[in-house]
Amino acid sequence: MFLGLSLALALMGGEALLRILDRAQPEQTVNIIKPEDIDLSFNTNGFRDRDYAKEKPFGVFRILVLGNSATFGVSVASGQTYVKQLEERLNTEGEGIRFEVMNAGVPSWNMSYQEKYLETEGLAFQPDMVMVGFTLNTAETHYIPPEDLFSSKEKYQGDPEVLHRNPREWAKPLLENKNRTTPVSTLASVSVDVKIWLSNHSSLYRYVWWRYDLTRQPFDTVDYPNSLYDREAHIHWDVCRKAIEDMGQTLKARNIPGVMVIFPMFFGLRPAPRSNQTYPWENLHGLIAKAAIESGMIAVDTLPIFKKGGIREISA
């Protein structure tokens, strides 16, 4: 009984301490939401966003955001993606200008897909700025988009392994799984409900679960990011760099500013002062930023911000 009481007091103390820390920094939140728990809905253009007219309204500054799953926000609600949070903040702080920030991110799209989409469809939305949310795996070139993937009116009938042209197609398996009629055991259903409730109400649970989840990632033993940029196996980075260059030229020819926002891999990332000893891919951020700048784009590396430990909400 004494052991149980001690454990209960320790848990209560941990919960109270973490709530005090959260209250000290009210803008920081942690969301643990699994894909099957969120709404996956898309607009008529295939975006995970609201509908937009291709003709830009008068007085609107429009930002088209390209990217992969980190931009799409597969594990968070649509309004929690960094794209929509940016839109909300710009419209809150902007003076006399209305902003539209369009989420055109699609899971698994590499730079070749993003560049091809921009040329064939993205520019039709008349963006005043194009932003790319770049994560280290954006350099993957396992798939190269066929020339007619975006321009063809017919559904692509080529390689069945080719990535889909929009998130609605990509999300079909998740939606089918969400809507499945297979009965779920009462115990499993209760377990999910308990996890969701704890995520919403317990700072201690969020703190422990977030760190436990990180320990299960495979990147501690497999250095996949560096393999994409290795000079001896350079096909991935060479193709990616060429796509960045082509995108920069496309934007420059139309006087549209481009911004490359580089996000870190969050595995092995720790707050300062230990961050320099635990994050193994900092050199890759410089390589990507250099390619973006040489293409005429602005490079924004978010790694220093995350290393400070000041941001805890991650949309991925």
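The values are calculated or read from the model by the stated rules, or taken from the named source; none is laboratory data. For clarity, every value in this text was computed on a predicted model and none was experimentally measured. Neighbour counts run over all protein chains shown; Cβ positions are idealised from the backbone, glycine included.
Regarding Trp210, is this residue under 23 Å from Tyr82 (Cβ atoms), of a type outside the set (A, V, I, L, M) and at pLDDT below 95? Judged against the criteria, Trp210 is a match.
On the basis of being of a type outside the set (A, V, I, L, M, F, W, C) and surrounded by fewer than 17 Cβ atoms within 10 Å (Cβ to Cβ), does Glu119 make the cut? Here the answer is yes, as Glu119 does meet what is asked. The helices (runs of 4 or more DSSP H) located wholly in region 80-198 that include 1 or more residues which are of a type outside the set (A, V, I, L, M, F, W, C), under 26 Å from Met265 (Cα atoms) and modelled with pLDDT of 60 or more occupy 82-93, 111-120, 167-170.
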